[in-house]
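Readers should treat all values here as calculations from the given coordinates under stated rules, not as data from a laboratory. The structure displayed is predicted, hence computed values, not measured ones. All Cβ positions, even for glycine, are placed from backbone atoms using ideal geometry, and neighbour counts span all protein chains on display.
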């Protein structure tokens, strides 16, 4: 809450209008993932002396800052609102320090107790029963499945794909090095990003720690949105105004195993296409771009849709690894930074945000110049339809047999802190086309090694398309063997 109020105070000072926050009639708050608050948006309003008629708190998801911006802009355009506050913050770094010191955040740190503590969430809302049984809930395990399939689909070797990711994150780190709010403002060479070793252990192949989002941060961002008329009446200088043209979003099923394939994201493609179409522009018209970058595969997919090289930096902040990944609220930092950039460099900007497992997507266009038609966004997302995929637990497909031969669709291997393969996660098709997913037992290094990118069979550059035998265990895991 302190971070949020500080960010709002800075936003008011930036506007040049004293008392602006007290005039807010709407507050939109991105859910804090590091600490639980009841009625956060209303609490924020009260903290700045406002009495908002409309308050909105979100669920989990990194898409929310951009979707809220689009939604708030639409409400202002329709006359439902005149001044809206958008806020988001995390304090996971401080929370970690307190816990490591054995201190209670409420009793010793004075943190809020309404209700306080880590927010509760229902695991049943994340994915499907099959995803859960296969251990595919942690984003660190799921996103590598998309990366490894993309590597196979575009025909790169693992080394080539890893070098691409390293160039991408190194380019982002250079941007972070010049950002005053960056958590790790140090430019990295591609070799530093890709080199696995102490301080940069392998997490899930092919992503070492440097290619994972950094959520252990204390970062907050705030945006004040008004109608143009109100801004000018309050005395905001014309040179400070940045216009929200509007954007669009799309949602896929949260069950990644029910989607058509792992080499693309229909929701991402749909959201970007609808956003550009709403603005009447094409990718070549974009001067500034910030893309969600929790893992390299996300900006790679966006770059592919926009017709740009997959190792393009596509960030104004420096990305989730170097700038910081304040969980649900990262993209609000991107919006705030884009506003500052547009004041210095007039043009057209696109901010993209991603939630879930490439599940919820939203993009928005901003410019110093208003769109000729005013607000042109489509704030409510469209649902994309995935191709029908038949899924089933491996044991059900095996129908009593102790083993099952499958063809690999995608896979990843999680490593332990000592650097060795700890557990493999496999998505595969059976002979009749049924998709299944399994994990190997924790500590079964032999099985995990069979799907490691470091142990590809001679002549192969990917495990995708490879036949492998699952020897099924009673606990739902599997031992991996070569097919007979």
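Quick check: pseudo-label points 7 Å beyond the Cα along Cα→Cβ at residue 369 and residue 273, how many nm apart are they?
If labels sit at residue 369 and residue 273, their model points lie 2.8 nm apart.
Under a no-solvent Debye model with one identical scatterer per Cα of the chain, what's log10 I(q)/I(0) at q = 0.10 Å⁻¹?
At q = 0.10 Å⁻¹ the computed log10 ratios are -0.76.
If you average the sequence gap of Cα pairs under 8 Å that are 6 or more apart and divide by the length of the stretch 263-337, what percent do you get for the contact order?
Answer for the stretch 263-337 is 26 percent.
What per residue convex hull volume, in Å³, do the alpha-carbon atoms of the stretch 394-481 yield?
Normalising the Cα hull of the stretch 394-481 by residue number yields 82 Å³.
Between residue 390 and residue 284, what is the label-to-label distance in nm when each label sits 7 Å out along the Cα-to-Cβ direction?
Each label point lies 7 Å from its Cα, and together they span 4.7 nm.
Relative contact order of the chain, please, whole-number percent, based on alpha carbon pairs below 8 angstrom and at least 6 residues apart.
Contact order relative to length: 20 percent.
Sketch the reach of a paramagnetic label on residue 6 as a point 7 Å from Cα along Cα-to-Cβ, and name the residues of the stretch 176-194 whose backbone nitrogen lies under 18 Å away.
Counting only backbone N, you get 179-185.
At what distance in nm do the modelled label points of residue 46 and residue 261 sit from each other, each positioned 7 Å from its Cα along Cα→Cβ?
The two pseudo-label positions are separated by 5.3 nm.
For the stretch 1-67, what is the Kirkwood estimate of the hydrodynamic radius, computed as the reciprocal of the mean inverse distance between distinct Cα atoms, to one decimal in Å?
12.5 Å
What percent does the relative contact order of the stretch 394-481 come to when contacts are Cα pairs within less than 8 Å and at least six residues apart?
Relative contact order here is 32 percent.
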